[in-house]
Amino acid sequence: MMTPFFRYMLGVVLLGFIVVIYPVFGEVYRWKDVNGKYIYTTTLPAGQVENVEVKRGDKWLPYQAESVSSEYKPNRAVIGFERRGSAILVEVLLNNQLTKKFIVDTGATYTVISYATARELGITPSPSAVKTTLQTANGRVTVPIIKVNSIKVGELEVRNVETALHDGLDTSNEVAGLLGLSFLNKFRVTVDSFQGHLILERNSDSSPESITGSEEDCVTAREMIQKGRTLNNGSDEEASFYKKALELCKQAVEAHYYLGVVYFKQKKYPSALIEAQELLKTNSYLPEARYMLAVIYTAQGNYQQAEIELRRVLELDPKHENARNLLGQILVHK
């Protein structure tokens, strides 16, 4: 039975659950287990699994591992990567003169390089440079934004990349920076864990800018998101930055997440649900989007629907500890 005390305690911990949600976008794979049941995941299965399928658009197609090719493909590249724990490292060519190892980080708004790397490139930030706030392991830091003329991974190049300067990286492992969304959002990103390949496919330019947002608008949208994150107080002002970001650039899907968190803090649960559902539109098999949905249902007292969503999360990602813990609390007091 859901007692008033349980509802109170659940309300206390729910914010702790939701603030760690962050949507991760990429390929969706499926295969059947020994009982013939489909397993869905955003990463390829470990070990040898037969008949793996990958979702392309609204179709499921047989997955085929791809080999690194020396053939020039201006819109696509398959790059071998190095594992360092859970991190993925690739070689990056900066300004066609300096090759460094970068961590691929789809959760970072900006690409990040160290001051030492900037000096090697002959870049000195202006005192009037635009600043942004980064969330690091040691808390928030304010850092300057510069533009790197060229960043190239494999044969794929992006010019005039907005890049943050920060010395908080672990340089002991020869890591010179993070490859963030200011570079990666130009591509569809796939991690092939079987072969140890990072696959980048340049986003199509055929969509009208009025639908996706121009490159300049998307840069401004990221700045809006950063302003909202700097506030991080659950206010209407914070929400306005995320709304503006979505108006400018439909690709700025992380704004749906942060806007949902604001609505959650304000206890505007129907509005928070809408933002969670917008995340699901990008990928209906995304575990974090379904987890966010479950947290909101729990806050509304809709424990039955929350349980359904949490079980879906665990089907997609059996190692999702937050979903397992929240489901456990709900079942204990059921």
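Every read-out reported here was derived from the displayed coordinates using simple, explicitly stated rules and does not represent laboratory data. Every value quoted in this text rests on a predicted model; they were computed, and no experiment measured them. Positions of Cβ are backbone-derived with ideal geometry, glycine not excepted, and every protein chain shown enters the neighbour counts.
Given the peptides 299-305, 240-246, arrange them by the average over their residues of other C-beta atoms within 10 Å, most packed first.
Taking the mean over residues of other Cβ atoms within 10 Å, the ranking is 240-246, 299-305.
Rounded to the nearest 0.05, what FRET efficiency do Trp60 and Ala129 have when you use their Cβ-Cβ distance and R0 = 51 Å?
Calculated value: 0.60.
Report the FRET efficiency, 1/(1 + (r/R0)^6), for Ile308 and Ser240, where r is their Cβ-Cβ distance and R0 is 45 Å, rounded to 0.05.
0.85
Calculate, for Tyr115 and Arg188, the FRET efficiency according to 1/(1 + (r/R0)^6) with r their C-beta to C-beta distance and R0 41 Å; round to the nearest 0.05.
0.80
If you average 1/r over every pair of different alpha-carbon atoms in the range 76-202 and take one over that average, what Kirkwood value in Å do you get?
Taking every pair of different Cα atoms in the range 76-202, averaging 1/r and inverting gives 14.8 Å.
What are the ³J(HN,Hα) couplings of the range 318-332, residue after residue, when phi is run through the Karplus curve with 6.51, -1.76, 1.60 and θ = phi - 60°? Round to Hz, x for glycine and proline.
Values per residue, Gly and Pro as x: x, 9, 6, 5, 4, 5, 5, 5, 5, 4, x, 5, 5, 5, 4 Hz.
Normalised by the residues of the range 220-334, what does the relative contact order come to in percent, with Cα pairs under 8 Å and at least six apart?
Taking the mean separation of contacting Cα pairs over the length of the range 220-334, I get 15 percent.
Name the residues of the range 293-331 whose amide N is less than 16 Å from a point 7 angstrom out from the Cα of Lys37 along the C-beta direction?
Those under the cut-off are 308-320, 324.
So between Asn75 and Glu91, what do we pick up on full extension, going 0.36 nm a residue minus the alpha carbon distance?
Answer, rounded to one decimal: 3.9 nm.
Which links in Lys152/Lys319; Lys101/Lys243; Lys37/Lys319; Lys186/Lys267 stretch past 24 Å when you go from one Cα to the other?
Lys152/Lys319; Lys101/Lys243; Lys186/Lys267
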